[in-house]
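Asks: Structure provided below as structure tokens; questions to follow.
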Amino acid sequence: MTTQRPVVDMAAWQAARDELLVREKAHTHEGDAIAAARRELPMVEFDGSVKVVGPDGPVPFLDLFQGRDELLVYKHMWWDGAPHQGQCEGCTYAAWHATDVYLNARGVSFAILTVGRWEEVAPFTEFMGYTVPWYSVRGVDGPAGGDMGYITSYLRDGDRVFLTYSTTGRGTEAMSGSFALLDMTPRGRGETWQGIPDGNHACWYWRTDVDGNPTWGGTGRPVPQWTRPGAGPETTLGRDGHGH
């Protein structure tokens with residue numbers, strides 16, 4: 001690997017590092033201020049008795065709180081009829097980072113929602129070995145369902161349920177701690193938009209073949225799937241030409 005970055009002595013490096021630290025601290029403080037504004041957003045009340053489907057069948061959305069007052073969900077995209085390797089690689093990337101242990105310890109429940117039919121979702125979650133709760137919100141409108149590819153936050157007050165926050169796009173990077181770690185490395189995410197001359201397109205590494213080579217062809221799978229028992233190369237993603 002070649003680089004155009006200057007090579008300096010330790011003192012010069014430390015001076016440059018200290019200069020950048022000023023900007024990093026300002027970024028952190030602005031993030032704190034944004035988080036405070038996020039906590040002050042108005043809320044939308046909705047019917048918490050609306051039914052979603054999980055391993056125990058239809059349950060009211062209120063049950064997702066598991067008795068806690070706060071709930072975070074990730075809304076996982078779904079391709080009907082697709083085999084495991086054909087499901088959304090971006091959402092797989094995000095969901096693979098998910099754990100609810102520390103959230104639960106802070107009084108926050110966590111769940112993954114998807115519009116997939118539960119009879120398709122259940123074997124997928126079993127294959128992936130997910131330990132966080134999953135539910136199907138197929139046919140559910142409003143704040144409890146809606147568009148996928150979002151992180152959404154809810155608040156409970158007794159039997160009353162409120163939507164408090166939702167974000168998509170790069171806002172969902174909060175799910176994936178590896179992004180922040182990659183941004184600390186010399187080549188970042190290795191993508192052209194970051195100014196890497198020989199970089200790849202965004203999301204290039206979400207699928208690989210069995211040898212770890214990035215590929216979106218028929219022998220690829222979402223990267224986390226290669227750790228699962230019986231995950232072999234496939235001949236198709238199982239979607240039509242429109243990505244469904």
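No lab work stands behind these numbers, since they all come straight from the coordinates. Given the structure is predicted, the values throughout are model-derived calculations rather than measurements. All Cβ positions, even for glycine, are placed from backbone atoms using ideal geometry, and neighbour counts span all protein chains on display.
Asks: Evaluate E = 1/(1 + (r/R0)^6) for Glu19 and Asp141, where r is the Cβ-Cβ distance and R0 equals 41 Å; express this FRET efficiency to the nearest 0.05. Please list the in-between numbers first.
Replies: On the way: r = 51 Å, r/R0 = 1.24.
About 0.20, to the nearest 0.05.
Asks: In the chain, which cysteines lack any other cysteine Cβ under 4.7 Å from their own?
Replies: Within the chain, the cysteines lacking a partner Cβ under 4.7 Å are Cys203.
Asks: Let me spell out the model: positive unit charges on the Cβ of Lys and Arg, negative unit charges on the Cβ of Asp and Glu, origin at the Cα centre of region 100-244. What dipole size does that give, in debye rounded to 20?
Replies: 180 debye
Asks: Can you divide the C-alpha Rg of region 135-230 by 2.2 N^0.38 Å and report the result to two decimal places?
Replies: Values: Rg = 18.0 Å, N = 96, 2.2 N^0.38 = 12.5 Å.
Normalised Cα radius of gyration, region 135-230: 1.45.
Asks: Which whole-angstrom value gives the distance between the alpha carbon centres of region 165-244 and region 1-34?
Replies: 28 Å
Asks: Rounded to the nearest 0.05, what FRET efficiency do Ala37 and Glu173 give with R0 = 22 Å and r taken as the Cβ-Cβ distance? Could you check?
Replies: Efficiency for this residue pair is about 0.70.
Asks: Could you put Thr92, Thr28, Thr168 in order, starting from the residue whose Cβ has the fewest other Cβ atoms within 10 Å?
Replies: Numbers: Thr92 22, Thr28 10, Thr168 13.
Starting with the residue having the fewest Cβ neighbours, the order is Thr28, Thr168, Thr92.
Asks: Moving on. Counting Lys and Arg as +1 and Asp and Glu as -1, each charge on the Cβ, what is the dipole of region 12-137 about the Cα centre in debye, to the nearest 20?
Replies: Using Cβ point charges on Lys, Arg, Asp and Glu, region 12-137 gives about 200 debye.
Asks: Moving on to the next point. Relative to the Cα centre, what is the charge dipole magnitude of the chain, using +1 at the beta carbon of each Lys and Arg, -1 at the beta carbon of each Asp and Glu, and rounding to the nearest 20 debye?
Replies: The dipole of the chain has a size of about 240 debye.
Asks: Here's a follow-up. Per DSSP helix of 4 or more residues, -39500 (n - 2.57); summed, then divided by the residues of the chain. What does that give at 222 nm, rounded to the nearest 500?
Replies: Working: 5 runs with 60 residues, N = 244.
That comes out to -7500 deg cm²/dmol.
Asks: Moving on to the next point. Using Cβ counts within 10 Å as a stand-in for footprinting exposure, how do Met128, Met43 rank, fewest first?
Replies: The order, fewest Cβ neighbours first, is Met43, Met128.
Asks: Assuming 0.36 nm per residue, please report the length gained on full extension of the stretch Met10 to Thr192 beyond their Cα-Cα distance.
Replies: So the chain would gain 62.6 nm between Met10 and Thr192.
Asks: Which percentage, to the nearest 5, of the DSSP beta bridges contained in region 1-143 is antiparallel? Let's see the in-between values first.
Replies: Values: 5 of 15 bridges.
Restricted to region 1-143, the bridges split so that about 35 percent are antiparallel.
Asks: If you average the sequence gap of Cα pairs under 8 Å that are 6 or more apart and divide by the length of region 44-173, what percent do you get for the contact order?
Replies: 33 percent.
Asks: Further question on the same structure: Comparing His27, His201, His76, which has the greatest mean-square fluctuation in the GNM of the chain with Cα pairs linked when under 10 Å apart?
Replies: Top of the fluctuation ranking is His27.
Asks: Given a 10 angstrom Cα cut-off, can you work out which residue in Pro214, Pro197, Pro233 is the most mobile in a GNM of the chain?
Replies: Pro197
Asks: Of the beta bridges DSSP finds with both residues in the chain, what % are antiparallel, to the nearest 5?
Replies: 70 percent
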